[in-house]
Amino acid sequence: MSSPAVIPGDEIAASLDTRTTARDYLWAIFGDRVTLFAFAYLVVLVAFTVGAEFLAPHEATGLNLRDRLLPPGATGSKGAFYLLGTDELGRDLFSRLIYGARVSVSVGMLGAVVSCFAGVITGLTAGYYGGLYEDVVMRLVDGMLSLPSMLVALFILFVLGGGYGNLILVFSVLHWMVFCRLSRGLALDARSATYVRAAKALGASGPRIVFRHILPNVMAPIIVLFTLEIAILILSEASLSFLGFGVRPPDPSWGLMIADGREHIRSAWWLVTFPGLAIFLTALSLNLVANWIRAVTDPVQRWRWLSRDVRR
């Protein structure tokens with residue numbers, strides 16, 4: 001009797017779990033130029049965020065009216081070189097971009113972390129235990145998702161005032177529902193799995209099953225959503241700061257920089273162009289990284305990215 005035909009991709013995928021190493025993921029990144037660009041940009045952005053004091057050539061809030069509205073590549077009155085030019089108060093635009101990255105990225109990251117933590121815990125427990133608790137949680141999620149998030153954020157910030165901490169609070173309140181719905185669906189699918197039934201038979205408690213057995217097996221889609229949410233929150237922070245409800249001046253923020261430069265958009269194009277380009281590249285890179293994470297964690301597609309045989 002002839003053996004059934006085996007597709008080469010299936011053969012590779014069957015042995016991938018035992019062969020995949022960190023080097024395979026690294027080679028998968030270097031094998032895709034688009035993904036490599038996204039990772040490289042995010043690494044540089046994180047370096048600017050962490051080491052802003054050492055990498056910024058000038059003081060971000062230092063005023064010098066003699067050098068106001070200098071174009072990119074100009075030299076100031078005291079011989080200072082301005083790579084991206086200056087704004088209407090003579091502040092170095094490149095330095096403000098670096099410090100603005102610290103504000104925008106940290107707000108997006110912390111907001112995503114808090115909302116992910118609250119949403120995943122609530123969603124996993126609701127999906128696993130079910131009953132009245134699940135009904136109450138899901139009706140709350142449905143009600144909050146029906147509200148226009150930007151209008152609610154504007155109302156809360158109008159009452160509480162803008163600022164770094166209030167932005168994180170608003171983003172956490174308005175974005176935990178997305179993680180909750182995803183986690184609840186994953187828990188509903190996983191609670192009937194064999195490994196969960198085996199853990200119950202061995203006497204494992206409910207919290208242990210949820211966080212020790214279910215959570216590690218559903219982390220891949222949560223990580224993808226977390227990466228996308230960082231991009232969404234960075235865009236939201238820029239929008240709120242542009243409207244005057246976000247970060248307070250003189251602290252730099254990409255959205256606030258665009259708001260300050262819109263009055264000079266005809267005579268000083270660089271004031272709006274470079275912060276807008278930074279927002280665009282950051283959101284694009286995070287989306288590309290999220291797409292790569294989804295591909296390498298998908299059991300059907302990951303062998304195409306990680307297999308040494310396919311790369312050869």
Which ones in region 183-197 are surrounded by 20 or more Cβ atoms within 10 Å (Cβ to Cβ), out of contact with any Pro (no Cβ under 9 Å at 6 or more places or on another chain) and of a type in the set (A, V, I, L, M, F, W, C)?
Ala187, Ala190
Looking at this structure, is Gly244 surrounded by fewer than 20 Cβ atoms within 10 Å (Cβ to Cβ), among the small types (Gly, Ala, Ser) and over 22 Å from Ile168 (Cα atoms)?
no
With (1) at pLDDT 90 or above; (2) part of a loop (DSSP other than H, G, I, E, B); (3) not small (Gly, Ala, Ser) as the list, and Leu233 as the residue in question, which single condition is left unmet?
(2)
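Got a sec? Which helices (runs of 4 or more DSSP H) wholly within region 78-189 have at least 2 residues that are acidic (Asp, Glu) and farther than 17 Å from Leu233 by Cβ?
Result: 131-145.
In the set Leu70, Leu42, Leu65, Leu110, which member is at pLDDT 90 or above and either more than 20 Å from Arg248 (Cβ to Cβ) or touching a Ser or Thr at 6+ places or on another chain (Cβ under 8 Å) (or both)? Break it down stepwise before answering.
Numbers: Leu70 fails: at pLDDT 90 or above; Leu65 fails: at pLDDT 90 or above; Leu110 fails: either more than 20 Å from Arg248 (Cβ to Cβ) or touching a Ser or Thr at 6+ places or on another chain (Cβ under 8 Å) (or both).
Criteria check complete, one pass: Leu42.
Conditions (1) loosely packed, with under 13 Cβ neighbours inside 10 Å; (2) of a type in the set (Val, Ile, Thr), marked per residue:
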site: Leu140; (1), (2): no, no
site: Ser146; (1), (2): yes, no
site: Val152; (1), (2): no, yes
site: Phe158; (1), (2): yes, no
site: Gly162; (1), (2): no, no
site: Gly165; (1), (2): yes, no
site: Phe171; (1), (2): no, no
site: Leu174; (1), (2): no, no
site: Cys180; (1), (2): no, no
Filtered residue count, region 165-188, keeping only those that are under 17 Å from the mean Cα position of the chain (by Cα) and within 17 Å of Val107 (Cα to Cα):
10
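Out of curiosity, is Glu59 over 13 Å from Met257 (Cα atoms) and assigned to a helix (DSSP H, G or I)? Steps first, please.
Numbers: over 13 Å from Met257 (Cα atoms): yes; assigned to a helix (DSSP H, G or I): no.
In short, no.
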Just the residues that are in contact with a helix residue (DSSP H, G or I) (Cβ under 6 Å, 6 or more places away or on another chain) and touching a residue at least 24 places away in the same chain (Cβ under 8 Å), please, taken from region 251-273.
Pro252, Ser253, Trp254, Gly255, Leu256, Met257, Gly261, His264, Leu271
Every residue in region 138-147 that is within 15 Å of Val178 (Cβ to Cβ) and not polar (S, T, N, Q), please.
Met138, Leu140, Val141, Asp142, Gly143, Met144, Leu145, Leu147
With at pLDDT 90 or above and more than 17 Å from Ser104 (Cα to Cα) as the only criterion, which of Ala278, Ala268, Ala283, Ala290 stands out?
Ala290
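Please work out if Thr86 is hydroxyl-bearing (Ser, Thr, Tyr), crowded, with 20+ Cβ neighbours inside 10 Å and in contact (Cβ under 8 Å) with a residue 40 or more places away in the chain. Reasoning before the result, please.
Numbers: hydroxyl-bearing (Ser, Thr, Tyr): yes; crowded, with 20+ Cβ neighbours inside 10 Å: yes; in contact (Cβ under 8 Å) with a residue 40 or more places away in the chain: no.
No, not satisfied.
Tell me, which residue of region 190-214 that is in a loop (DSSP other than H, G, I, E, B), more than 24 Å from Leu225 (Cα to Cα) and of a type in the set (A, V, I, L, M, F, W, C) is nearest to the chain's Cα centre (by Cα)?
Here is the first cut: in region 190-214, the residues in a loop (DSSP other than H, G, I, E, B) are 191-193, 202-205.
Keeping just the survivors that are more than 24 Å from Leu225 (Cα to Cα) gives 202-205.
Cutting the leftovers down to of a type in the set (A, V, I, L, M, F, W, C) gives us 202, 204.
On the way: Leu202: 39, Ala204: 34 Å.
Here the residue is Ala204.
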Per the filter on region 215-227, residues in a helix (DSSP H, G or I) and among the β-branched types (Val, Ile, Thr) are Ile222, Ile223, Val224, Thr227
Checking Gly165 against (1) at pLDDT 90 or above; (2) within 18 Å of Phe117 (Cα to Cα); (3) of a type outside the set (D, E, K, R); (4) out of contact with any helix residue (DSSP H, G or I) (no Cβ under 6 Å at 6 or more places or on another chain), the condition it does not meet
(1)
If the Cβ limit is 6 Å and pairs must be 6+ apart or interchain, which residue in region 43-69 that is more than 14 Å from Leu97 (Cα to Cα) pairs with which residue that is in a helix (DSSP H, G or I) and among the charged types (D, E, K, R)?
none
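The values are calculated or read from the model by the stated rules, or taken from the named source; none is laboratory data. Just so it is clear, the structure is predicted and the values come from calculations on it, not from any experiment. Positions of Cβ are generated from backbone atoms using ideal geometry, with glycine treated the same way; all protein chains shown enter the neighbour counts.
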